[in-house]
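Participant: My structure is below; once you've seen it, I'll send some questions.
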Amino acid sequence: MATPSSGTSRRLVQYVIVRSDLIHTLSWPLGAVITQACHAATAAIHIHYSDPDTQEYLAELDTMHKVVLQ
């Protein structure tokens, strides 16, 4: 999450970490890996739904930011 500076809005970011070994070492299909990442992102929002940052993140559907890392 970016730190707000005076007079500017902050940008909330959801980071999704994807294990590349699932594809390269364990030979999971790409669709299965993407499905697991989607489940994890949705579960994180559900678990933290009442958090003010989550509510702010969800309020900006057109400008939601996600970063996917491996």
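Participant: Could you give the size of the charge dipole of the chain about its Cα centre, using +1 on the Cβ of each K and R and -1 on the Cβ of each D and E, expressed in debye and rounded to the nearest 20?
Facilitator: Details: 4 positive and 6 negative charges, 36 e Å.
With Lys and Arg at +1 and Asp and Glu at -1, about 180 debye.
Participant: Moving on to the next point. Hey, what's the Cα Rg ratio for the chain versus the globular rule of thumb, 2.2 N^0.38 Å?
Facilitator: Dividing the Cα Rg of the chain by 2.2 N^0.38 Å gives 1.34.
Participant: While we're here: How many nm is it between the label spots at Cys38 and Gln70, if each spot is 7 Å from the Cα in line with the beta carbon?
Facilitator: Between Cys38 and Gln70, the simple spin-label model gives 1.9 nm.
Participant: Accessible area per residue of the chain at 1.4 Å probe, in Å²?
Facilitator: Numbers: 5460 Å² over 70 residues.
Counting only protein heavy atoms, the per-residue value for the chain is 78 Å².
Participant: Which listed residue (Leu12, His24, Val68) has the Cα farthest towards the positive end of the charge dipole for segment 8-70, taking +1 on Lys and Arg C-beta and -1 on Asp and Glu C-beta about the Cα centre?
Facilitator: His24
Participant: Same structure, new question: On a 0 to 90 degree scale, rounded to 10, what angle separates helix 30-47 from the longest Cα axis of the chain?
Facilitator: Orientation of helix 30-47: about 30 degrees from the principal axis.
Participant: Report, to the nearest whole %, how much of the accessible area of the chain belongs to carbon and sulfur atoms, 1.4 Å probe, protein only. Numbers along the way, then the final one.
Facilitator: Working: 3230 of 5460 Å².
Summing carbon and sulfur atoms, their accessible area is 59 percent of the total for the chain.
Participant: Using a simple spin-label model with points 7 Å from Cα along the Cα→Cβ vector, what separation in nm is obtained for His24 and His48?
Facilitator: Taking the two extended label points, one gets 2.7 nm.
Participant: Can you give the helix-only mean residue ellipticity at 222 nm for the chain, where every DSSP H stretch with n ≥ 4 adds -39500 (n - 2.57) and the sum goes over all residues, rounded to the nearest 500 deg cm²/dmol? Display every interim value, and only then the final one.
Facilitator: Working: 3 runs with 30 residues, N = 70.
Computed mean residue ellipticity for the chain: -12500 deg cm²/dmol.
The values are calculated or read from the model by the stated rules, or taken from the named source; none is laboratory data. Fair warning: this is a prediction, and the values are worked out from it, not measured in the lab. For neighbour counting, all protein chains shown are included, and Cβ atoms are generated from backbone atoms with ideal geometry for every residue, glycine included. Note: areas computed on protein heavy atoms with side chains; ligands, DNA, RNA excluded. Shrake-Rupley method; radii C 1.70, N 1.55, O 1.52, S 1.80 Å.
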